[in-house]
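Here is the structure we will look at, set down as structure tokens.
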Amino acid sequence: MLLLLLLLVYARVLGAVLDADSPLGVQPTAMLISVGLAWLVWRQSRLAWRVLVALSVWMLFVLVVSSDLTSYNFPLFLVFGAHVALLLSPALRTHVARPVVPAPPGAPGAA
């Protein structure tokens, strides 16, 4: 979540200073939605994890396709690449996986 907030601040402040045209510089709402989804992932929501992975990959794709490699966009590529790598890491996938809870003794179907 901190990585997303850093990305939002970078896109808004440096984008305004450099007068850079970037999809993130004009879309803080998408970043705030991503932060909310990251909080839900922290609370072990698998649906939020799937949506966040899809949005992050899409934003990385849009950055790669629609912008050139400038001094402003290069950190955005790095941060989004790190964000996608963290989302797909085994530690995070294990975190959002729901543990198998055994049936209580005496329940139908319990051995």
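The values are calculated or read from the model by the stated rules, or taken from the named source; none is laboratory data. As the structure is a prediction and not an experimental result, all values here were calculated from the model. Note that we place each Cβ from the backbone using ideal geometry, even for glycine, and neighbour counts take in every protein chain shown.
Can you pull out the residues in the stretch 59-91 that are over 23 Å from W42 (Cβ atoms) and surrounded by fewer than 16 Cβ atoms within 10 Å (Cβ to Cβ)? Across the stretch 59-91, the qualifying residues are F61, V62, V64, V65, S66, D68, L69, T70, S71, F74, P75, F77. Among the numbered conditions (1) in contact with a Gly (Cβ under 7 Å, 6 or more places away or on another chain); (2) at pLDDT below 80; (3) not basic (K, R), the only one that L60 does not meet is (2). For the stretch 49-86, how many residues meet the condition of being closer than 17 Å to L32 by Cα and among the hydrophobic types (A, V, I, L, M, F, W, C)? Summing the residues that are closer than 17 Å to L32 by Cα and among the hydrophobic types (A, V, I, L, M, F, W, C) in the stretch 49-86 gives 14. The set of residues in the stretch 28-55 being hydroxyl-bearing (S, T, Y) and within 17 Å of P90 (Cα to Cα) consists of S45 alone.
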